[in-house]
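Asker: Take a look at the following structure, please.
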Amino acid sequence: MTHETNNHYAIETRGVNLYYGNFRAVKDVDLQIVPQKITAIIGPSGCGKSTVLRSFNRMNDFVPSFRMEGEILFHGQNIYAEDVDPVMVRQRIGMVFQKPNPFPKSIYENVAWGARINGYKGNLDELVEQTLRDAALWDEVKDNLKKSGLSLSGGQQQRLCIARALAVKPEIILMDEPCSALDPIATLKIEELMRELSRQYTIIIVTHNMQQAARASDYTAFFTMDDDRAGLMVEYGETHQIFTNPRDQRTEDYITGRFG
């Protein structure tokens, strides 16, 4: 892939190094995320997968010791440039976390809240319904919209969090191990939902579950650690190729279970 133009990537990183204080957590990441596809980031614990994911919408900014070198481009603009508002970045690049974290509000308010504080002028009832439909949750909750979001099952709460992310109309959805707290049936529902959403959105998922990466993603990036414990992207390509014909021995060792 050339570096001449970057607008046809959803996100492009160039020479990205991520630090916590003096510790380099991730080094030299060059990655091009294809739009409206699902990209999985896999690798052993501690290799910087979540740090990389959170750098895509500046969530690491909340960690005082964090700093970044390099560029992360979104529509050709470096999102870490001084004139870029991180709040705007997070509106356009949404995030779903490992543990479902609905607000202690009604199901309706969980979805409507973000749109409302962003000054949404349309019909909130329609937005809530459409977003819950997009998150494959409407039929299960439509008669209970006033009930607390916390009253839902774990899998439903995670889909509510996805609906909440969708309500502010992002272009990209980041998912940090969104199924690790869920049972297999709820996990499968989230995977089916991701596939459906990838028709409209770019999805980047960090997962410990290699079967999930193989099942659910179009592209896979494999990270490991170098001798200094820094995260390192070893290989990136179409998921089928990564899992059936990896180019790097370290990738093969990981996916065949020899380490990690």
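The values are calculated or read from the model by the stated rules, or taken from the named source; none is laboratory data. All values derive from a computational prediction rather than experimental measurement. Please note: Cβ atoms are built from the backbone with ideal geometry, for glycine as well, and neighbour counts cover all protein chains shown.
To keep it simple, each residue is scored yes or no on (1) under 22 Å from D176 (Cα atoms); (2) of a type in the set (A, V, I, L, M).
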residue: F62; (1), (2): yes, no
residue: S65; (1), (2): yes, no
residue: L73; (1), (2): yes, yes
residue: Y80; (1), (2): yes, no
residue: V84; (1), (2): no, yes
residue: R90; (1), (2): yes, no
residue: M95; (1), (2): yes, yes
residue: K99; (1), (2): yes, no
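Asker: Taking the condition at pLDDT below 95 and closer than 23 Å to C47 by Cβ, does D218 pass?
Answerer: no
Asker: So which residues in the stretch 61-104 are under 19 Å from the mean Cα position of the chain (by Cα) and in a loop (DSSP other than H, G, I, E, B)?
Answerer: V63, H75, I79, Y80, F97, Q98, K99, P100, N101, P102
Asker: Of all residues in the stretch 105-126, how many are modelled with pLDDT of 95 or more and in a loop (DSSP other than H, G, I, E, B)?
Answerer: 2
Asker: Quick one: count up the residues across the stretch 209-232 that are touching a residue at least 40 places away in the same chain (Cβ under 8 Å) and under 14 Å from T39 (Cα atoms).
Answerer: Restricting attention to the stretch 209-232, the residues satisfying the condition of being touching a residue at least 40 places away in the same chain (Cβ under 8 Å) are 210, 212-213, 216-226, 228-232.
Within this subset, residues satisfying the condition of being under 14 Å from T39 (Cα atoms) are 210, 212-213, 216-223.
So the count comes out to 11.
Asker: Just name the residue that is surrounded by the fewest Cβ atoms within 10 Å (Cβ to Cβ) out of those in the stretch 63-115 that are touching a Lys or Arg at 6+ places or on another chain (Cβ under 8 Å), among the β-branched types (V, I, T) and under 20 Å from V141 (Cβ atoms).
Answerer: Taking the candidates together, the pick is I107.
Asker: Still on this model: So which residues in the stretch 58-79 are closer than 21 Å to V168 by Cβ and of a type in the set (F, W, Y), if there are any at all?
Answerer: F62, F74
Asker: Filter the stretch 20-61 down to residues that are touching a His at 6+ places or on another chain (Cβ under 9 Å) and among the aliphatic types (A, V, I, L, M) and give me whichever is surrounded by the most Cβ atoms within 10 Å (Cβ to Cβ).
Answerer: Result: I42.
Asker: If I filter the stretch 121-132 for residues that are of a type in the set (K, R) and surrounded by 14 or more Cβ atoms within 10 Å (Cβ to Cβ), do I get at least one hit?
Answerer: Checked the stretch 121-132: no residue is of a type in the set (K, R) and surrounded by 14 or more Cβ atoms within 10 Å (Cβ to Cβ).
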